[in-house]
Amino acid sequence: MNIDNEDISVLEYNFSKKELFLLAKFLRQNEEKLPDGLESFYHVLEDSIYNTLSLDEVKRFYS
C-alpha cells in the first residue's frame, strides 16, 4: 500500500460547525503532538475557522 501519494482522495466528509470548532480547538491544544503529514490538514482547518469568525471571535475561541 502506497500512502505517500497525496493526490489520491480517500475520504470525503462534511464537518458540522460544532465538529469543526471542536477539532480545531483540540488540534490547537495538542499542536506539538501533531504527527508529521497532518500539517496541511491542520492549516486548512484553521483557515476555515478564521474565515468563519471575526478576529475577536477567533481570539475568544482559542483562549
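The values are calculated or read from the model by the stated rules, or taken from the named source; none is laboratory data. Nothing here was measured: the structure is a model prediction, and the numbers come from that model. Using ideal geometry, Cβ is built from the backbone for each residue, glycine included, and neighbour counts are taken over all protein chains shown. We work out accessible area using only protein heavy atoms, side chains counted, and drop any ligands, DNA or RNA first. Shrake-Rupley method; radii C 1.70, N 1.55, O 1.52, S 1.80 Å.
Summary table
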| read-out | value |
| --- | --- |
| Count of residues meeting criterion [exposed (fewer than 10 other Cβ atoms within 10 Å of the Cβ) and part of a helix (DSSP H, G or I)] in the stretch 18-32 | 2 |
| Matching residues, the stretch 25-63, being closer than 18 Å to residue 9 by Cβ and either in contact with a Ser or Thr (Cβ under 7 Å, 6 or more places away or on another chain) or of a type in the set (Phe, Trp, Tyr) (or both) | 41, 42 |
| Selection from the stretch 16-40 of residues that are at pLDDT 90 or above and aromatic (Phe, Trp, Tyr) | 26 |
| Where a residue in the stretch 36-63 is charged (D, E, K, R) and its partner, wherever it lies, is open to solvent by 70 Å² or more (accessible area, probe 1.4 Å), with Cβ under 8 Å and at least six apart | 46/28 |
